[in-house]
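The values are calculated or read from the model by the stated rules, or taken from the named source; none is laboratory data. Every value quoted in this text rests on a predicted model; they were computed, and no experiment measured them. Note that we place each Cβ from the backbone using ideal geometry, even for glycine, and neighbour counts take in every protein chain shown.
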Ligand code: MN
């Protein structure tokens, strides 16, 4: 069987080069029909494919997949199985839709395997157990340090030694398309000594990527940096919505809390780490040298272009930043190794997010906080409207894709509209 990644592979489903989901992608997600029936699924071009009905009709019988892996409402049953199984499933799907099996089309239509995007809506792909957010972009950490601490010593002394992170809230992680309600909370007005209760006036996005884990380590054990990628199922776009005014008043000494926990959002299709293999690149050289448990071999960064657009009630979507996942200082393998080095266990269905991904240039900053330099500068939308932070009615759209020669692997879109 050809690998799903094989660049020569063509599908009997038609799509153009600019689509995010060629047959070399095969991401995993969950959709809902208009009758509220859930299907675990993949997508090729614009055709959504029910893995539930593929499984029901016996197409995965030759894979040693656990019984009824695709009959539920989330990918968790698949996540609990090994990487070799994930790989077999993905290769099998690619084979079923390979142009050599063109005659499958009529059969698949009869078996209710193919769906149009307009007939379905996407649902949360994973029942997320624990969620951790890192702070692994050096440019982002440096920008924040310059704005709020000391421009000469922007990075705190631990930052170059530890992939800094905090435990977030998984209950409020929502799927693309869900409205985000402007949060309320305690805010300290400028020059005042006492806080007021108010809606947040400094609502922000954070451009991030998240990865979903498979079955990890037992409590008390650790994941080695060299095997860490075996526990990474795939990635999605991640918007870590942030209320900067609530955050600023509450975060010392224990870190982010209500300024973050009101919402985070994810893109609906989980793109496997396997599909991103062609986009591996070298990360920044880590100086000072890291401790042994964080030392790794090979290339563990990924060249994935990222964009954020803002569309107001009256503007067109306007690109406000273009960044890249390759800018991460700490890679995913290091994050997992660090997360588990104390014996903390990772479960199938955990979500680990990168932290805001900023690049070195101003046009590559991953949050309004940085783009407006703490509210001292304005961003202009295509109709002339100005923004320092986000307003009600604004839709934030995130996109991500890798491009190499004739291959484009994308993440689709993550969009959410802010409501009062
Ligand atoms: Mn974040």
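Considering only region 341-360, I want to know if a residue exists there that is in the same structural domain as residue 170 (by TED's automatic domain parsing), outside any loop (DSSP other than H, G, I, E, B) and away from the ligand (no atom under 16 Å from the Cβ). There is no residue in region 341-360 that is in the same structural domain as residue 170 (by TED's automatic domain parsing), outside any loop (DSSP other than H, G, I, E, B) and away from the ligand (no atom under 16 Å from the Cβ).
Go through region 381-404 and count every residue that is without any contact (Cβ under 8 Å) to a residue 12 or more places away in the chain and either on the phi > 0 side of the Ramachandran plot or in contact with a helix residue (DSSP H, G or I) (Cβ under 6 Å, 6 or more places away or on another chain) (or both).
Within region 381-404, the first condition is being without any contact (Cβ under 8 Å) to a residue 12 or more places away in the chain, and the residues that meet it are 384, 386.
With the extra rule that they be either on the phi > 0 side of the Ramachandran plot or in contact with a helix residue (DSSP H, G or I) (Cβ under 6 Å, 6 or more places away or on another chain) (or both), the set shrinks to 384.
The number of residues fulfilling the criteria is 1.
Residues that are exposed (fewer than 15 other Cβ atoms within 10 Å of the Cβ) and either in contact (Cβ under 8 Å) with a residue 60 or more places away in the chain or within 16 Å of the ligand (Cβ to nearest atom) (or both) within region 115-126 comprise 116, 117, 119, 121, listed in sequence order.
Just one of (1) farther than 17 Å from residue 205 by Cβ; (2) surrounded by fewer than 19 Cβ atoms within 10 Å (Cβ to Cβ); (3) under 23 Å from the mean Cα position of the chain (by Cα) fails for residue 322. It is (1). Of the residues making up region 365-374, none is over 20 Å from residue 207 (Cβ atoms) and part of a loop (DSSP other than H, G, I, E, B).
Considering the conditions (1) surrounded by fewer than 16 Cβ atoms within 10 Å (Cβ to Cβ); (2) free of Cβ contacts under 8 Å to residues at least 40 places away in the same chain; (3) within 16 Å of the ligand (Cβ to nearest atom), residue 147 is excluded by exactly one of them, (2). Looking at region 1-89, the strands (runs of 3 or more DSSP E) lying wholly inside it that each contain 3 or more residues that are within 18 Å of residue 101 (Cα to Cα) sit at 38-44, 47-50.
Determine, yes or no, whether residue 284 is away from the ligand (no atom under 16 Å from the Cβ), exposed (fewer than 15 other Cβ atoms within 10 Å of the Cβ) and either in a loop (DSSP other than H, G, I, E, B) or free of Cβ contacts under 8 Å to residues at least 60 places away in the same chain (or both). Let's see the steps before the verdict.
Values: away from the ligand (no atom under 16 Å from the Cβ): yes; exposed (fewer than 15 other Cβ atoms within 10 Å of the Cβ): yes; either in a loop (DSSP other than H, G, I, E, B) or free of Cβ contacts under 8 Å to residues at least 60 places away in the same chain (or both): yes.
So residue 284 fits the description; yes.
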